[in-house]
1. What's the total number of residues in the range A:89-125 that are more than 13 Å from chain B (Cβ to nearest Cβ) and over 18 Å from the mean Cα position of the chain (by Cα)?
2. Of all residues in the range B:315-357, count the ones that are assigned to a helix (DSSP H, G or I), surrounded by 15 or more Cβ atoms within 10 Å (Cβ to Cβ) and of a type in the set (Val, Ile, Thr).
3. Out of curiosity, is B:Arg270 open to solvent by 20 Å² or more (accessible area, probe 1.4 Å) and over 29 Å from B:Val144 (Cβ atoms)?
4. Identify the single condition in (1) away from chain B (no Cβ under 12 Å); (2) farther than 30 Å from A:Val271 by Cα; (3) in contact with a helix residue (DSSP H, G or I) (Cβ under 7 Å, 6 or more places away or on another chain) that A:Ile142 does not satisfy, given that it satisfies every other one.
5. State the number of residues belonging to the range B:160-170 that are surrounded by 24 or more Cβ atoms within 10 Å (Cβ to Cβ) and either more than 22 Å from B:Met295 (Cβ to Cβ) or in contact with a Leu (Cβ under 7 Å, 6 or more places away or on another chain) (or both).
6. Could you tell me how many of the residues in the range B:83-104 are over 17 Å from the mean Cα position of the chain (by Cα) and in a helix (DSSP H, G or I)?
7. Starting from residues that are free of Cβ contacts under 8 Å to residues at least 60 places away in the same chain and open to solvent by 10 Å² or more (accessible area, probe 1.4 Å), keep the ones in the range A:168-189 and report whichever is farthest from the other protein chains (Cβ to nearest Cβ).
Amino acid sequence: MGIISRAFKNIGKNWYRFGLFFVTTAFWLFFAWRATGFLNSFNIFTLLRFASVQVMVGFAQMIALSAAEMDLSVGAIGAGVAMFVGALMQLLGVPYPLAILLGMLLGATAGFVNGILVVKTKINSFVITLATSSMFSGIMFITTKAKAFTVLPQGFVDLSRVWTFGLPISPLVWIMLVVAIVLYFVYSATSLGRKILAVGANRRAAEMSGLRSSKIRITVFVLVGIVAGMAGIMDAARMESAGPIIGTEWLLTSFAVPAIGGTSISGGNVVVFGTVLGGILTGTITNGVLLMNVSNFFVNFFLGLILLLAVGFDRLQKAYRERTSVK
Amino acid sequence: MKSGKSTFILLTLITVMAVLLSACGGAATQPAPTATSAPTTQLKPTATAQTGKPNFSKIRVAIVPGGPHPYFLPMKPGLADAVKDFGLGESVFKSPAEWKLDAQNQLIHSLMAQGYNAFGIFPGDANASNAIVNEMVGQGIPVVALGGCLNQPTKTSFCLATDVAQSAYLGTKALIKALGGKGKIVHFTGFLVDPNTQKRINAVKKAVAETNGAVQLVETIADVDSQEAADQKINAYLAAHGKETDGIITTAYVPSTVAATALRNLGDKRIKMVGIDDDPIVLNAIRDGYLVGTMVQNPYGQAYVGAQVLAYLKTGCQPKADAPHYIDSGTLLVTKDNVSTYKEEVKTLTKRISKTFVDKYLSCSK
């Protein structure tokens, strides 16, 4: 009894941390009540599968944001890596595990290029990644002629197709969750994570306390490249096609998902599992609105609205915390 | 030392993630779930007591275009008429909000979850849409392509679409006739990356070649199927060469409306033009004498016949071994004479295709 009351007391104290969970749950309950087929196992399967890619895209930007950087090339990296992996598998017959590994290395290389350019030129990452985004896309279009790779190995396609453990959960969801745990571990229990957050919170102060911020920022972009590449590979598995359309719509998602999840846009703070919930929430709204037969022209409107509400909610949280800490 | 630690963490991360992605590929424990309990089971046709016609009341057809476009609008009444005429269950025409494959796929998934068990789609991507088609067919949901085909190999049972080459050929012949068999013409058409554009270009050239030089194709201007490009290129062309041009053939939706508007603005009824599709701008231009005619496609019929075929496929019929995958949904020249009545002609054409389709192309166990 004591434990339960303590748990409730903790939830009461930290209610703002559970806000997104309650909002997501409320949407699930609402759609379960109003949207035909929402709790259908097939729908749960496709919803979570879609959300898992959304979350991975959010993770990529979350890493950049944590160091007070931004990476507008996540979509281009995702598409480039997906098409590279598709080409390796379809044209060269490379086994898919090796193709995936090489794809992630390509993502890391693209991230390294971004990192080096940002650090060496001292130009804002917004401008650099805007430029490299076009360059990466251009290279991809030139080398592949924008032709999708659709003859993919069964094992690769199974990443999105099959149930796991008898549950309507695609392997992509488990991959996303493991990446979430790894990122949580990196940010909460490794010196690398703490250094990234320190640089993100105040780069000058971090440098004055002896941190080599250039190196840390390059590492951040490499991590972004790896995770964006993974997102591209996962999206290719989800669509069973490694084509240039991958990543074209990631820009808004990449910022919205971590922002909804509570990650600070100005750096120095990440909420890994908030980002997971952010991705699930955007996936849920997209799916639920479609199921409710509300004209799907409203989907974008609702997503924008929820982003505004999330940002407003975040502001309220901060005001509340400031008020309570003053007391 | 510290840098070595960071590198070690990075390398470990890459390896863990790669192993994870690869390992999950083999972690298949069960095939994908079905949308509803119904679609996997084949619905048996039962004859209604009064008419002896098959009972299709459990067939729920969804028609999903690739994105919003006026071309698809007649599909809605086409589907509604098919529901009425064939006694289909609740069916729906629904368009994604944007021309994005992912938006179309999500819409299809949501319709599957709601129990729609037969799909007519305009592929959002001629290659990549095969993935969702495979997913649907794997769950016992028949799919036909409407308005545009998927690239082979595909599991769509049929593709009902316009024979674009025939349409362009007939349109050019009509223009040549209006010109009195001689003159200089220009061709405005769609995107060169679209394989249909090349077919249209060749068809126009073929019709011109049949005049043995009496008609000259002065220029073919492609990549004008967007408002901005069409406005710029067509108006620039007419400003520079309008006086030397006797005829215009357009084989894409946007240049058709833009060229019709340009001729109206110029007040030029000397230049003869044959357009494509039935945008109100084009139809009004025909009524007012600025256009000779337009080649109307049959999205109404694609939806009507598509829904009918899907109902038969869902109740166990199969395409005959010798049935073609591509079926021409028909095309019609609309001129001043039939501009008020062409919709009825389209319906008659549709009924003609519908009447013979099952016997010609489907094999149904009695």
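The values are calculated or read from the model by the stated rules, or taken from the named source; none is laboratory data. The structure displayed is predicted, hence computed values, not measured ones. Cβ sites come from the backbone with ideal geometry, for glycine too, and all protein chains shown count toward neighbours. Surface areas here come from the heavy atoms of the whole protein model, side chains and all, with no ligands, DNA or RNA. Shrake-Rupley method; radii C 1.70, N 1.55, O 1.52, S 1.80 Å.
1. Step one: of the range A:89-125, the residues more than 13 Å from chain B (Cβ to nearest Cβ) are A:91-93, A:110, A:113-114, A:116-125.
Checking which are over 18 Å from the mean Cα position of the chain (by Cα) leaves us with A:91-93, A:113-114, A:116-125.
Total satisfying the criteria: 15.
2. 3
3. So B:Arg270 passes the test.
4. (3)
5. 1
6. Looking only at that region, the number is 6.
7. Applying the first criterion (free of Cβ contacts under 8 Å to residues at least 60 places away in the same chain) to the range A:168-189 yields A:171, A:174, A:178, A:181-182, A:185-186, A:188-189.
When the remaining residues are screened for being open to solvent by 10 Å² or more (accessible area, probe 1.4 Å), the result is A:174, A:178, A:181-182, A:185, A:188-189.
On the way: A:Trp174: 6, A:Val178: 5, A:Ile181: 10, A:Val182: 6, A:Phe185: 10, A:Ser188: 14, A:Ala189: 11 Å.
Filtering first and then ranking leaves A:Ser188.
To keep it simple, each residue is scored yes or no on (1) within 14 Å of chain A (Cβ to nearest Cβ); (2) surrounded by fewer than 23 Cβ atoms within 10 Å (Cβ to Cβ); (3) at pLDDT 90 or above.
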site: B:Leu79; (1), (2), (3): no, no, yes
site: B:Gly87; (1), (2), (3): no, yes, yes
site: B:Ala97; (1), (2), (3): yes, yes, no
site: B:Ala103; (1), (2), (3): yes, yes, no
